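> Before we start, here is the structure in question, set down as structure tokens.
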Amino acid sequence: MPTEIDMKIHKEIDSNINYIKDLLGVGETFDVIFREYKVGHRRAASFSINGMTNDMLLSGIFQDMLIFNQEQLSINTLQKLFYSHATHSQVKLVDNMNDAIISMLSGELIFFVDNEDQVLIFDARAYPIRSPEESNIEKVTRGSRDSFVETLPFNTTLIRRRLRDPNLRFEIVKVGARSQTDVAIAYIKDIANPSLIETIKERLNNIVIDGVPMAEKAVEEFITGGNRWNPLPKVRYTERPDAVAVHLLEGHVCVLVDTTPSVMIMPTTFWHHVQHVEEYHQNPLIGSYLRLVRLFGVILALVLPPLWLALVYQHHLLPASLSFLGPHDPGVMPLGVQFILAEIGIELVRMATIHVPSAQSTALGFIGSFMLGEFATKVGLFGNEVIFYTAIAAVGAFATPSVELSMAVRFFRLILLVLVMLWKFPGLIVGLVALFLMTVFTKSFDYPYLWPLVPFNFAAMKDVLFRLPMPSKILRPAILKPLDKDRQEK
């Protein structure tokens, strides 16, 4: 990047041209476009990135700029071009070489004029983009079918379309010394807690790394703080603009990273990960039922296999009415080993399903569920009960729309199985208590992860367990300390 001497734009256009050509390797890399012009009696030059600018739009801009009386541009040429001839709405004057180069590498066109110490920057970007489609992770039977894409301005537009609030803010921060990735902080100015906003902005500005090509996940690991080895998700990811809009109205802050369709919602609690947009497109009673079923599925996914295994190891703890529980055909391997191998097998099938082409995923799923599962029981490698309880746990883990929580539940289930193999039922109790304590002491941006259960808040607990009717949602979540607590404006 430029030295302190080179920070300002030189009045001699050749100095600017030679500097940029040398820095960006014009002639070595084919995608940097350099063009020279005549503006009045002065030389002019532009730099842009091939494939990132709208050529049709730029052609119209330069046609307007070239229709003038050349003598009128003999004095203050750049200012006259900017105010009278650069008719494009997104154009600015910059006097810093660093800013100009970053703008160009972001897809904008920079325009130099000889004997001027400023540069015109035209935002005529045309990124490769796909159309908004329904999210594969957060599908709904009713509701909108659009979701975020990989282009930041399109994503902010999808949110702005749902929140026409003049206090909605999108602040841009550049992250990565080399990647210069655009990261937008979204919040509603008169709702969100200013200290939360400042904390997130400060942590983003303190990121010191060359680049974040993995986008949102790399940014998350820098800004969440605390124990980064804790698998509990401390932010909620969503690809739905309506979900982002709802959380912004509650007082949350959202972070959008360019090149990714996933938006981070922060802070988050455990309960955010067991809620789904589908609940709000159903009757409140049906929505509450769906939420409770989803929570029950997550609990089953965590405790069912290790609980069954612990009871099998200590069968005398079962009451007479449950004496039927236990393996009728245990297989040739120890039950604990069977569960571990079954968990690994499910993960392998899941990963393979993601990596193979879509046309082959159905066949792969058939192989994993039928050939591996059924034939493994027939040859005596696995017991039927092991396959059954592992399948229930797998389905329960997929009930949550949060991929991160689902992965954490599967990891914790594996740990509990190992503890049960070592210490039987006491191992399960110790594991569950340790997991509960870890969850209690986990914080997301200094907010309790289990709120409103710990610390307990009865009114808020009703709202997270049940899908309450919208007219009853009078106050925003107290834990966020919003500036405007009342949701029903008079």
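> Within region 173-186, track down each residue that is closer than 16 Å to Leu105 by Cα and β-branched (Val, Ile, Thr).
Scanning region 173-186 gives Val173, Val175, Thr181, Val183.
> Another question, then. Would you check which residues across region 272-294 are crowded, with 19+ Cβ neighbours inside 10 Å and outside any helix (DSSP H, G or I) and list them?
Gln275, His276 - these are the residues of region 272-294 that are crowded, with 19+ Cβ neighbours inside 10 Å and outside any helix (DSSP H, G or I).
> Go through (1) of a type in the set (D, E, K, R); (2) within 14 Å of Glu138 (Cβ to Cβ); (3) surrounded by fewer than 23 Cβ atoms within 10 Å (Cβ to Cβ) one by one and return the number of the condition Asp210 breaks.
(2)
> Quickly run through region 186-203 and pick out the residues that are under 18 Å from the mean Cα position of the chain (by Cα), in contact (Cβ under 8 Å) with a residue 40 or more places away in the chain and surrounded by fewer than 19 Cβ atoms within 10 Å (Cβ to Cβ).
Of everything in region 186-203, just one residue is under 18 Å from the mean Cα position of the chain (by Cα), in contact (Cβ under 8 Å) with a residue 40 or more places away in the chain and surrounded by fewer than 19 Cβ atoms within 10 Å (Cβ to Cβ), namely Ile197.
> Going by the conditions given, is Ser135 modelled with pLDDT of 90 or more, over 22 Å from Gly51 (Cα atoms), small (Gly, Ala, Ser) and open to solvent by less than 10 Å² (accessible area, probe 1.4 Å)?
no
> Could you tell me whether region 403-410 includes any residue that is in a helix (DSSP H, G or I), under 24 Å from the mean Cα position of the chain (by Cα) and at pLDDT below 85?
Taking every residue of region 403-410 in turn, none turns out to be in a helix (DSSP H, G or I), under 24 Å from the mean Cα position of the chain (by Cα) and at pLDDT below 85.
> Hey, can you tell me all the residues within region 109-126 that are open to solvent by 10 Å² or more (accessible area, probe 1.4 Å) and in a loop (DSSP other than H, G, I, E, B)?
Asp114, Asn115, Glu116, Asp117, Gln118, Asp123, Ala126
> What number goes with the only condition from (1) modelled with pLDDT of 90 or more; (2) loosely packed, with under 13 Cβ neighbours inside 10 Å; (3) not aliphatic (A, V, I, L, M) that Arg145 does not pass?
Condition not satisfied by Arg145: (1).
> Follow-up question, since we're still on this one. Considering every residue within region 413-425, establish whether at least one is open to solvent by less than 60 Å² (accessible area, probe 1.4 Å), over 21 Å from the mean Cα position of the chain (by Cα) and free of Cβ contacts under 8 Å to residues at least 12 places away in the same chain.
no
> Is it the case that region 176-186 has a residue that's within 15 Å of Val244 (Cβ to Cβ), of a type outside the set (A, V, I, L, M), in contact with a helix residue (DSSP H, G or I) (Cβ under 7 Å, 6 or more places away or on another chain) and outside any helix (DSSP H, G or I)?
No: region 176-186 contains no residue that is within 15 Å of Val244 (Cβ to Cβ), of a type outside the set (A, V, I, L, M), in contact with a helix residue (DSSP H, G or I) (Cβ under 7 Å, 6 or more places away or on another chain) and outside any helix (DSSP H, G or I).
Every residue, every condition in (1) surrounded by 15 or more Cβ atoms within 10 Å (Cβ to Cβ); (2) at pLDDT below 90, yes or no:
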position: Lys92; (1), (2): yes, yes
position: Ser103; (1), (2): yes, no
position: Pro128; (1), (2): no, yes
position: Val149; (1), (2): yes, no
position: Leu152; (1), (2): yes, no
position: Leu158; (1), (2): yes, no
position: Leu163; (1), (2): yes, no
position: Glu171; (1), (2): no, no
position: Asp182; (1), (2): yes, no
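> Just checking, does region 323-333 include any residue being outside any loop (DSSP other than H, G, I, E, B) and either at pLDDT 90 or above or open to solvent by 30 Å² or more (accessible area, probe 1.4 Å) (or both)?
no
> Count, please, the residues in region 10-66 that happen to be polar (S, T, N, Q), within 17 Å of Gln118 (Cα to Cα) and open to solvent by 50 Å² or more (accessible area, probe 1.4 Å).
1
> Let me ask another. Residue pairs, Cβ under 9 Å, 6 or more apart or interchain, first in region 71-95 and at positive phi, second of a type outside the set (Gly, Ala, Ser) and modelled with pLDDT of 70 or more. List them.
These pairs meet every condition: Asn76/Glu116.
> Would you please name the residue that is nearest to Tyr280 (Cα to Cα), looking only at residues in region 133-184 that are free of Cβ contacts under 8 Å to residues at least 40 places away in the same chain and of a type in the set (Ser, Thr, Tyr)?
Across region 133-184, the extreme among qualifying residues is Thr157.
> Could you look through region 462-479, keep only residues that are closer than 21 Å to Ala192 by Cα and among the aliphatic types (A, V, I, L, M), and pick out the one that is surrounded by the most Cβ atoms within 10 Å (Cβ to Cβ)?
Restricting to residues being closer than 21 Å to Ala192 by Cα and among the aliphatic types (A, V, I, L, M), the top hit is Val464.
> Restricting the search to region 411-455, which residues are among the charged types (D, E, K, R) and part of a helix (DSSP H, G or I)?
Within region 411-455, Arg413, Lys424 qualify.
> Which one of Val255, Val244 is within 22 Å of Val173 (Cα to Cα), part of a helix (DSSP H, G or I) and open to solvent by less than 10 Å² (accessible area, probe 1.4 Å)?
The match here is Val244.
> Just one of the numbered conditions (1) under 27 Å from Gly251 (Cα atoms); (2) surrounded by fewer than 20 Cβ atoms within 10 Å (Cβ to Cβ) is not true of Pro452; which one?
Tallying (1) under 27 Å from Gly251 (Cα atoms); (2) surrounded by fewer than 20 Cβ atoms within 10 Å (Cβ to Cβ), Pro452 fails exactly one: (2).
> Would it be correct to say that Val433 is within 22 Å of Leu300 (Cβ to Cβ) and in contact (Cβ under 8 Å) with a residue 12 or more places away in the chain?
Here the answer is no, as Val433 does not meet what is asked.
The values are calculated or read from the model by the stated rules, or taken from the named source; none is laboratory data. Owing to the predicted nature of the structure, the values given are computational and were not obtained by experimental measurement. FYI the Cβ positions are ideal-geometry reconstructions off the backbone, even for glycines, and counts take in every protein chain you see. Calculation scope for accessible area: heavy atoms of the full protein, side chains included, ligands and nucleic acids excluded. Shrake-Rupley method; radii C 1.70, N 1.55, O 1.52, S 1.80 Å.
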